[in-house]
Ligand code: BMA
């Protein structure tokens with residue numbers, strides 16, 4: 001581990017899952033050598049477990065996992081882990097309580113993110129309401145989950161909250177979409193005074209060529225750093241064999257996150273290993289969560305691989321920020 005870094009703001013996480021960069025590797029992001037950490041069949045009902053979120057909880061880790069069952073319906077399951085690597089996932093999906101019968105329960109849910117704001121863990125996900133939109137719920141104990149109003153009209157995917165209020169409001173990134181395998185997608189920013197009514201919509205980033213040529217979407221909860229919000233995101237290229245999902249990162253202005261300060265021109269991670277290239281949807285790297293330890297600058301990213309299994313990748317924040325700045329094209 002390299003010397004202490006003070007760039008990330010937030011509480012320390014000395015037990016962050018971690019593995020040093022392999023010898024001979026100079027990439028800013030590297031894979032865990034024992035990937036995938038979660039196989040597709042970890043629970044009896046699952047066809048696949050991917051695009052999932054982990055968060056520190058009382059000295060260990062909790063997670064909300066996308067488990068597609070053998071009818072190929074997507075559900076959200078709770079999981080727990082002592083080390084962030086070996087997970088126990090509940091066999092049954094999370095049961096959300098919802099006062100508004102028009103909203104819940106829904107037919108499917110996928111691609112969850114988990115965000116701690118004050119004393120509540122908020123779960124956001126792609127929720128079914130006459131098509132995909134952004135579901136929102138909160139829990140304090142990972143036992144009872146309280147579902148709120150959907151954040152947006154259909155169709156939308158990848159609702160990603162900021163871990164604190166901005167300008168006095170809750171803040172969320174998302175990617176407006178269509179009903180299907182959307183052939184477009186840019187990242188937008190919205191604010192809410194109460195987690196119910198969302199507005200002040202701003203465009204953050206749009207597609208550009210290469211690996212982020214057809215759509216982009218926010219990934220893990222943005223990480224607050226002294227250089228801006230570190231946003232890890234996915235970008236999609238359309239090849240003759242279909243979509244290819246890679247991972248990149250940007251730095252957003254702290255007070256006005258719709259202003260992009262820096263943005264990677266090359267990708268940080270693209271599907272290259274067998275478990276990223278072969279699966280139910282080949283060639284997908286899809287980050288949904290990041291843990292970080294401010295005193296050491298270590299970052300651990302959870303990502304779905306080939307819509308089938310879950311992998312871990314690592315980075316050092318100072319190196320990552322230096323890379324984003326050195327190879328930036330805003
Ligand atoms: C996106 C979402 C993700 C999925 C990805 C690749 O549109 O549906 O859940 O991982 O496509 O198939």
* To do: Among 71, 296, 207, determine the one that fluctuates most according to a GNM of the chain built with springs between C-alpha atoms less than 10 Å apart.
  => 71
* Using per-residue counts of other Cβ atoms within 10 Å, averaged over each peptide, order 262-273, 41-52, 192-203 from highest down. => 41-52, 262-273, 192-203
* Between the range 271-288 and the range 176-231, how many Å separate their Cα centres? -> 22
* **Projected-area average for the range 206-330 over all orientations - Cα convex hull basis, square nanometres** => 7.2
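Taking every pair of alpha-carbon atoms in the range 272-330, give the share separated by more than 19 Å as a whole percent.
Here the tail beyond 19 Å accounts for 44 percent of pairs.
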* Over the chain, what is the mean sequence separation of C-alpha contacts under 8 Å (at least six apart), divided by residue count, expressed as relative contact order in percent? -> 20
* **Highest-MSF residue in the chain out of 261, 107, 291 [GNM, Cα springs under 10 Å]** => 107
* To do: Once you've got the GNM for the chain with C-alpha springs shorter than 10 Å, pick whichever of 160, 301, 204 has the biggest mean-square fluctuation.
  => 204
* Structure fact -> So, relative contact order of the range 269-330 in percent, Cα under 8 Å, 6 or more apart, is 27
* Asked: Relative contact order for the range 213-330: what is it in percent, counting Cα pairs under 8 Å that are at least 6 residues apart?
  -> 21
* Structure fact -> Cα-Cα pairs in the range 83-150 separated by more than 21 Å, as a whole percent of all pairs, come to 23
* **Rounded D (µm²/s) - the range 135-272, Kirkwood Rh over Cα pairs, Stokes-Einstein at 37 °C, 0.692 mPa s** => 209
* Rounded Å value of the spacing that divides the Cα centres of the range 295-330 and the range 47-109 -> 23
* Express the Stokes-Einstein translational diffusion coefficient of the range 18-78 in µm² s⁻¹, to the nearest whole number, given a Kirkwood radius over alpha-carbon pairs, 37 °C and a viscosity of 0.692 mPa s. => 241
* Structure fact -> Working note, the range 174-225: Cα radius of gyration (Å, one decimal) and Dmax (Å, whole number) are 12.8, 38
* Value of Rg to Rh for the chain (Rh from inverse mean 1/r over Cα pairs, i.e. Kirkwood) -> 0.92
* Would you compute, for the Cα atoms of the range 1-133, the largest minus smallest coordinate along each principal axis and list the three values in descending order, in whole Å? => 52, 35, 26
* **Proportion of all alpha-carbon pairs of the range 80-213 beyond 20 Å (%)** => 49
* Starting from 0 in steps of 5 Å, tell me what percent of the Cα-Cα pairs of the range 141-214 lands in each bin. => 3, 14, 22, 23, 17, 12, 7, 2, 1
* the chain: calculated mean residue ellipticity at 222 nm from DSSP helix runs of at least 4, using -39500 (n - 2.57) -> -1000 deg cm²/dmol
* To do: State the extension gain, in nm to one decimal, for the chain segment bounded by residue 118 and residue 146, taking 0.36 nm per residue of separation less the distance between their alpha-carbons.
  => 8.5 nm
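Read-outs: derived from the displayed coordinates by stated rules, not from any lab. A quick note: this is a predicted structure, and the numbers were derived from the prediction, not measured. Reconstructed Cβ throughout: ideal geometry from the backbone, glycine too, with neighbour counts over all protein chains shown.
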